[in-house]
Amino acid sequence: MSSPIVVASLMAGLVLWGSPAAADMGEPPFNHFVQFEELEYGFNNENNPLNWDNTSWFGGDWNRIWFKTEGEMSTVDPDLEGEAQLLYSRLIAPFWEFQIGLRGDLVTGDGPSTEGRGHLVVGLEGLAPLWFEVEPAIFVSHRGDVSARLRTTYDLFITQRLIVHPSFEMNVAIQSAQEFGVGSGFNDIELGLRLGYQIAREFAPYLGISWNRAFAETVRLRQAAGRPESDLQGVAGLRFWF
Amino acid sequence: MNDRVGSPVQWPRRRFLASVATATGGIALGRFVTGCATVGSVTPARRALVAARGETIDLRIAETRVGIAGRGAVATTINGGVPGPEIRLREGQDVVLRVNNALDEDTSIHWHGLLVPADMDGVPGLSFHGIGPGTTFEYRFRVRQSGTYWYHSHSGLQEQTGIYGPIVIEPSEPDPYEAQREYTIVLSDWTFEDPYRVLANLKRYGGYYNYQRRTLADLGDEAKRMGFWGALGDRLSWARMRMDASDISDVTGATYTFLMNGLAPDENWRGLFRPGERVRLRFINASAATYFDVRIPGLAMQVIQADGMPVAPVETDEFRIAIAETLDVLVEPTRNAYTIFAEAMDRSGHARGTLAIDETATARVPGRRPRPLLTMADMGMDHGDMPAVSSMDHGSMSGGGSGGMSGMDHGAGSSGGAMPGMDHGNMSGMEQGAGGMEMAPAACRANLDVMDRHDDDGHGAGNAMVAEVARSRVTEPGVGLGEDGWRVLTYSQLRSATPRSSNSPVTRTIELHLTGNMERFMWSFDGEQYDPDMPDIELRRGERVRFVLINDTMMAHPIHIHGTFFELDVGACESNPLKHTVNVQPAERTSFVFTAEEVGRWAFHCHMLYHMEAGMFRVVRVRP
């Protein structure tokens, strides 16, 4: 755990050093945003997982540290599959941040490997025309495997507080990393549709569905591990931030 | 927490301002008055402003538990109340204002619109070092003007928590407008949240306080007005630009209680009159982040002063008062009661009071109008059919001599194609304004006719959009106004009451773009947020300079310059009105001229408190 702390300290230093001086004569422009976009219980016919997806940032207008973690934890067996990213982020265009940093994967239980995997991450985070939140990233693992991910989400306001969140995620890999269930080529896609009600801006319970399907070599790897090719979950959860 | 403020009769009548007649000679009257009896632990709001006058005035800034809208709140107060006392001065007098800081942080007071030496202007870091906790700072200056002004803290976000109050300066010559009574009406916004929390919320999520956005549920209503494809097309155009047409105000009634002289709408501030009297109302917008649209249904208002400076009388039914502006009107009420109705520009709330013949008469409170939407005109889209004035005689430009020629759009109409959902309703406001301009010689109009085409500089990542074409909008009352069948004041109707004898030539034009990135709540000039290490905007004393402001954002910004009045270009040459704060509408090109007279470093900023804090601030330095 010590190396992430060192990395975090270095990044924090970078952010503080790179921040413009305090705006006006007031407080320093240092802020934080900790958001659980998803914290939910999934209903499927299998492992009824707890899913989480957290994105947080710390910093000013131009330079930020991002921490992202997502994963799922089975409620019927000790399986856990998750990842965390620690990124330095810089505003490079009005709606876009450039992000660079590290990602660590963790897989436990009966999965293909309980070994950790580290990646270098280079990505973007921003808002595309039509208000799509878009997050493309490229990952290079410590063994040189290259993969990429595209995620996009949308907030569709039905009323001022009732909001539909469609989401889409796609993973591709150049090399296969079989111990991690990653085949080469097109890996999987995930589609989500969640209907939330903002009791407050920061607090919205939701219901929805989430569907995930593997492709190509990844299907075979999933089957070998005794997992289905696709997974449909009903989800109930809470989106909140502070 | 919820002690209700009792019925008005409970409160002592402290109507110092009820009559101009009482305004003679009293020294230090009510200087240390700290308000009324308390209900529980809460000091309820005062029913009337407290006056402070004389040659020496003491102001004490402290945290006080006050009642606002019947709820207890901790405010930073001046002499115990929100707003602070009304400082009444006389033109030509010398005044000492002793400001004692009982807070545990630095504070300051800036005299908004007053011509004072730079070291008395009250901006920490520019004029002085601020007023430390437990210390007293003495402001000393000669009062060189008359009119309605105000004062407020220039430290952090203290203005939002209550450090503001009115200033009224009686003229040394008799006032040309006789009024039997006068009332000062301070409009403001109050939040029970910590203002730094408000700012942090906006930084995390620019639309945090907007509960009036376009939704799927109201697509039907819009379709009725614009047609289904029109409404959908308009929404798509905004979404493509990642802009929100309902983003009229950053901070809204979702957190704000709007106050009139410190009283919430239900508490109903009341001013009395006798039928047949002529009443002068001195409106001051002391809000941190709210523009108000003010009207008194059933009563025409004669505008006689803007930003403390006399203007040729103009009659109107409604006016938009930008943050930090002041406007004096005369009214001649004849009925028993009238409602003074001040809607927030985004219609998310209102302030309200009553003018009545006694303590009981009431008038109907009108409903708030629907929330307006910005139009493509506010985006500065290049529409050939937009301003009718663009087709006017361009030959007159050469006489203008203000630059900007190269940026002109002679090809009006070249790439027209109005958006299907476009709302031309605002155009109606143009006609009334244009009426006042007919007499202006063509050369005076030069700056109003400029169509400034934006160059390739997008002002960096701190700025989300540019106005493709910016132009003057002084003939337009602003978004959401001008469609109700009554008159609405526009800048183009304002004429200085006493035309200046000559206008010496402008030697230099300084162009600044108003920029911002709503998603991250970054605000700036030319895309650069203020940083104390930034070079000042340098002027030489005696230099006559034109400022051209181009608003590249979709929001209106009240831009204020300290230490001077400027001649706002409304196309009237020597009769252009003098102002200290100008509302620059979205995609507007605003032009004003002033002669740098006071040596020193002066603040120049957006008076939206949170925009200033987010970086929309510069320093203008006048060198000897």
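Just need a number here: residues in the stretch B:110-164 that are among the charged types (D, E, K, R), more than 23 Å from the chain's Cα centre (by Cα) and part of a loop (DSSP other than H, G, I, E, B).
Final tally of qualifying residues: 0.
Where residues in the stretch A:187-203 are out of contact with any helix residue (DSSP H, G or I) (no Cβ under 8 Å at 6 or more places or on another chain), outside any strand (DSSP E or B) and not acidic (Asp, Glu), which of them is nearest to A:Phe36 (Cα to Cα)?
Among them, the one singled out is A:Gln198.
Which of (1) open to solvent by less than 40 Å² (accessible area, probe 1.4 Å); (2) farther than 18 Å from A:Phe33 by Cβ is the odd one out, the single condition A:Leu156 does not satisfy?
Going through the list (1) open to solvent by less than 40 Å² (accessible area, probe 1.4 Å); (2) farther than 18 Å from A:Phe33 by Cβ, A:Leu156 breaks only (1).
Just to verify a result, which residue in the stretch B:168-182, among those that are assigned to a loop (DSSP other than H, G, I, E, B) and charged (D, E, K, R), is farthest from B:Gly92 (Cα to Cα)?
Ranking the candidates gives B:Glu178 first.
Pick from B:Arg214, B:Arg144, B:Arg197: which is open to solvent by 10 Å² or more (accessible area, probe 1.4 Å), more than 10 Å from chain A (Cβ to nearest Cβ) and touching a residue at least 24 places away in the same chain (Cβ under 8 Å)?
One residue alone meets the criteria, B:Arg144.
Across the stretch A:137-171, which residue is farthest from the other protein chains (Cβ to nearest Cβ) among those that are more than 15 Å from the chain's Cα centre (by Cα) and hydrophobic (A, V, I, L, M, F, W, C)?
Ranking the qualifying residues of the stretch A:137-171, first place goes to A:Val146.
Run B:Tyr139 past the list (1) farther than 18 Å from B:Thr77 by Cα; (2) open to solvent by 30 Å² or more (accessible area, probe 1.4 Å); (3) of a type in the set (Ser, Thr, Tyr) and report the number of the one that doesn't hold.
Every listed condition holds for B:Tyr139 apart from (2).
As an exercise: evaluate A:Val134 against (1) of a type in the set (A, V, I, L, M, F, W, C); (2) within 22 Å of A:Ala204 (Cβ to Cβ); (3) at the interface with chain B (Cβ under 10 Å from one of its Cβ atoms) and give the number of the one condition it does not meet.
It is condition (3) that A:Val134 fails.
Can you tell which of A:Arg220, A:Arg201, A:Arg239 is in contact with a Gly (Cβ under 6 Å, 6 or more places away or on another chain) and either at pLDDT 95 or above or surrounded by fewer than 18 Cβ atoms within 10 Å (Cβ to Cβ) (or both)?
That would be A:Arg239, the only listed residue that is in contact with a Gly (Cβ under 6 Å, 6 or more places away or on another chain) and either at pLDDT 95 or above or surrounded by fewer than 18 Cβ atoms within 10 Å (Cβ to Cβ) (or both).
Restricting to the stretch B:566-607, what's the tally of residues that are among the acidic types (Asp, Glu) and under 21 Å from B:Gly122 (Cα atoms)?
2
Please return the ranges of strands (runs of 3 or more DSSP E) entirely within the stretch B:449-539 where 2 or more residues are more than 14 Å from every other protein chain (Cβ to nearest Cβ).
B:451-453, B:469-471, B:508-517
Looking for whichever is more than 25 Å from the chain's Cα centre (by Cα) and modelled with pLDDT under 95 here; the options are B:Gly92, B:Gly72. Which one fits?
B:Gly72
Within the stretch B:507-520, is even one residue in contact with a helix residue (DSSP H, G or I) (Cβ under 6 Å, 6 or more places away or on another chain) and surrounded by 24 or more Cβ atoms within 10 Å (Cβ to Cβ)?
Scanning the stretch B:507-520, I find no residue that is in contact with a helix residue (DSSP H, G or I) (Cβ under 6 Å, 6 or more places away or on another chain) and surrounded by 24 or more Cβ atoms within 10 Å (Cβ to Cβ), so the answer is no.
Residues to consider are A:Leu120, A:Leu87, A:Leu91, A:Leu127; find the one that is open to solvent by 20 Å² or more (accessible area, probe 1.4 Å) and either more than 14 Å from chain B (Cβ to nearest Cβ) or more than 21 Å from A:Ala177 (Cβ to Cβ) (or both).
That would be A:Leu120, the only listed residue that is open to solvent by 20 Å² or more (accessible area, probe 1.4 Å) and either more than 14 Å from chain B (Cβ to nearest Cβ) or more than 21 Å from A:Ala177 (Cβ to Cβ) (or both).
Search the stretch B:169-194 for residues being open to solvent by less than 20 Å² (accessible area, probe 1.4 Å) and of a type in the set (A, V, I, L, M, F, W, C), and hand back the single one that is nearest to the other protein chains (Cβ to nearest Cβ).
Per the stated criteria, the residue is B:Trp190.
Taking only the stretch A:40-84 into account, find how many residues are away from chain B (no Cβ under 14 Å) and either of a type in the set (A, V, I, L, M) or more than 13 Å from the chain's Cα centre (by Cα) (or both).
Result for the stretch A:40-84: 21.
With respect to A:Glu97, determine if the residue is outside any loop (DSSP other than H, G, I, E, B), open to solvent by 60 Å² or more (accessible area, probe 1.4 Å) and over 21 Å from A:Ser176 (Cβ atoms).
no
I need the full set of residues from the stretch B:110-130 which are within 14 Å of another protein chain (Cβ to nearest Cβ) and without any contact (Cβ under 8 Å) to a residue 40 or more places away in the chain, in order please.
Answer for the stretch B:110-130, where residues must be within 14 Å of another protein chain (Cβ to nearest Cβ) and without any contact (Cβ under 8 Å) to a residue 40 or more places away in the chain: B:Gly122, B:Pro124, B:Phe128, B:His129, B:Gly130.
Take the residues in the stretch A:174-186 that are farther than 29 Å from A:Phe43 by Cβ and assigned to a strand (DSSP E or B); name whichever of them is least open to solvent (accessible area, probe 1.4 Å).
Once the filter is applied, the top-ranked residue is A:Ala177.
Among the residues of the stretch B:147-168 satisfying the criterion of being within 24 Å of B:Phe273 (Cα to Cα) and in contact with a Phe, Trp or Tyr (Cβ under 9 Å, 6 or more places away or on another chain), which is surrounded by the most Cβ atoms within 10 Å (Cβ to Cβ)?
B:Gly165
Among (1) within 18 Å of A:Asp105 (Cα to Cα); (2) at pLDDT 95 or above, which single condition is A:Gln160 missing?
(1)
The values are calculated or read from the model by the stated rules, or taken from the named source; none is laboratory data. Just so you know, these numbers come straight off a predicted model, no measurement behind them. So basically every Cβ, Gly included, is an ideal-geometry build from the backbone, and we count neighbours across all protein chains shown. Heavy atoms of the whole protein, side chains included, go into the accessibility calculation; ligands, DNA and RNA do not. Shrake-Rupley method; radii C 1.70, N 1.55, O 1.52, S 1.80 Å.
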